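Below is one structure, written out as structure tokens, with a few remarks after it.
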Amino acid sequence: MPTFTKLLLLTLKLTLTQLLVSPVAPHAINPSSPPKLERSLPEKLVVAYQSWSECDDKVLDAVRSGVNVVIWFATNLESAYDGSALMAGGPNRTCVQEKIEALEELGYGRDKVTHLISVGGWDASHPDTSNTAEEYFEAFEKFSDGLYDGLDWDLEGNDSLTSQLNYFSKECLLLMGDLSQLLHDAGYIVSMAPPESYLDIQTTEFSKYVNLTYPSDDWNTTPPFQYHGHNTYALPLAMHPDAFDFINFQIYETKSHASYNTTILGTAQVDYLVDYINMLLHTPLNVNFETDEDFLSLGLQTIDIADKIVVGFIANGGVGGPITAANATKAYQQVEELGEGNIRGWFYWCLADDGDVMLPGVLSSVF
Ligand SMILES: *[C@@H]1O[C@H](CO)[C@@H](O)[C@H](O)[C@H]1NC(C)=O
Ligand SMILES: *[C@@H]1O[C@H](CO)[C@@H](O)[C@H](O)[C@H]1NC(C)=O
Ligand SMILES: *[C@@H]1O[C@H](CO)[C@@H](O)[C@H](O)[C@H]1NC(C)=O
Ligand SMILES: *[C@@H]1O[C@H](CO)[C@@H](O)[C@H](O)[C@H]1NC(C)=O
Ligand SMILES: CC(=O)N[C@H]1CO[C@H](CO)[C@@H](O)[C@@H]1O
């Protein structure tokens, strides 16, 4: 007994001393601690989003039909009552755990299906940047507790046009990059889901505002659609090119180039998507940060996204929009025939709006 007590005391003393003399900041992550699980992704991706807080058996059918990445929706990065970093919100944890276990029993374990948790969404708050990326890394691990394989960024704007949330602060963009890097280095999967204009291959402009217009797409509406961005998501990507595993391009953003070209200009859906995919694959994604007071020192950056491209649709009752899933697969095949590479995969928003689980089968048929 006494020996044990002594040993315990000695251990405690040592730990305390180590803590007191430790030069490491209290929230720093031990870089030598290995990731608990080296997450990997399938070669070709069929990504499905859950709707806000959704958790039900639809995910089982979707995975059986070809979905191999599920993104659960959506959390916020907040401060707790005592000011500490907190990842909060998202779907019912017990339910998510049950569905992941049910998938494992069906033969779709964690080695075959990746489960990510998203941050943000339209009208959602942006991260509270009074906490550091290191602190949010710990908050993620606490929130996830092994349930999720990584994180997906969905930060967007707000319905109220003059809202502060239609501006991505410098601190917010830096946090997105820094936290992504920490998660990536620890072996987690990290993705981002920019609306088309938030990562736009068709312009080099950069802005932190997401209440802008597309000056060149004339829909003859007054006022024009005022919730576009200009390459906002290019900032974390330019600063941490290796941190992101894949990029979900939301070509279904309201009044997107994709809708404009296919509806107003009348370009056939297949032709548009072939052109768009080829642009993403072969045109350098150049973004000019010189016009931004916070990031001008970055100058003109060329971002390599060739192996990260995932193109996404709105479910539209199982048809897919603004390009249908059927036309998307035709476009994929045409790009394939050119023999110069292809996209990493597809995604769709969201499981709830694909009631008869039509999309995964069509989208996965080309892989
Ligand atoms: C969360 O999910 C579990 C398991 O499906 C369920 O029993 C519980 O009622 C749910 N909790 C809430 C608050 O809906
Ligand atoms: C865009 O949002 C900012 C707030 O971030 C606001 O100051 C500005 O007035 C908004 N622009 C328009 C056109 O409403
Ligand atoms: C493909 O796109 C065209 C418009 O370009 C549309 O008329 C047609 O219905 C689509 N086909 C399918 C099978 O979705
Ligand atoms: C969409 O239309 C515009 C205007 O004609 C054109 O510049 C652009 O290249 C088109 N985009 C695609 C992907 O075809
Ligand atoms: C912070 C903020 O401006 N939130 C607004 C987002 O948009 C909704 C809907 O218009 C408003 O109710 C919120 O106040």
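FYI, it's all coordinate maths here, none of it is from the lab. This is a predicted model, so every value here is computed, not measured. Glycine gets a Cβ as well: all are built from the backbone with ideal geometry, and neighbour counts include every protein chain shown.
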Response to the item:
The relative contact order of the chain, taking Cα pairs under 8 Å that sit 6 or more residues apart, comes to a percentage of 17
Fill in: Lys pairs under 29 Å by Cα in the range 39-364, provided they are eight or more residues apart or on distinct chains
27
Worksheet item: Arranged from highest to lowest average of other beta-carbon atoms within 10 Å per residue, in what order do the peptides 280-289, 204-213 appear?
Response: 204-213, 280-289
Discussion item. What does the C-alpha gyration tensor say about the overall shape of the range 131-241? Classify as rounded when a/c is under 1.5, otherwise prolate if a/b is larger than b/c, or oblate.
Written reply: prolate
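Explain nothing, just the number: relative contact order of the range 286-327, from Cα pairs under 8 Å at least 6 residues apart, as a whole percent.
Values: 35 pairs, mean separation 10.2, N = 42.
The value is 24 percent.
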Item to complete: Compute the acute angle (0 to 90°) between the alpha-carbon long axis of helix 2-21 and the principal axis of greatest extent of the alpha-carbon atoms of the chain; round to the nearest 10°.
Response: 50
Discussion item. Show log10 I(q)/I(0) for the chain at q = 0.10, 0.14 Å⁻¹, two decimals, from a solvent-free Debye sum over equal Cα scatterers.
Written reply: -0.64, -1.22
Practice prompt. Taking amide H positions as placed in the peptide plane 1.01 Å from N, state which residues far from Gly150 in sequence (5 or more) or on other chains have amide H under 5 Å from it.
Written response: Ile117, Ile189
Discussion item. At a 10 angstrom cut-off on C-beta neighbours, averaged per residue, how do the peptides 186-196, 220-230, 142-152 rank from highest to lowest?
Written reply: 186-196, 142-152, 220-230
Fill in: Computed [θ] at 222 nm, helices only, for the chain once each DSSP H run of length n ≥ 4 contributes -39500 (n - 2.57)
-9000 deg cm²/dmol
Worksheet item: By how many degrees, between 0 and 90 and to the nearest 10, does the Cα long axis of helix 325-338 differ from the longest principal axis of the chain?
Response: 90
Worksheet item: Taking a Cβ-Cβ separation under 4.7 Å as the criterion for a possible partner, which cysteines of the chain have none?
Response: Cys172, Cys350
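Over the range 185-304, what is the mean sequence separation of C-alpha contacts under 8 Å (at least six apart), divided by residue count, expressed as relative contact order in percent?
Numbers: 175 pairs, mean separation 36.7, N = 120.
31 percent.
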Worksheet item: What are the residues whose amide H is under 5 Å from the amide H of Leu285, where those residues sit 5 or more places off or on another chain and H is modelled from the backbone?
Response: Ile303, Ile305
Fill in: Tilt relative to the chain, helix 133-144 - C-alpha long axis, 0 to 90 degrees, to 10
90
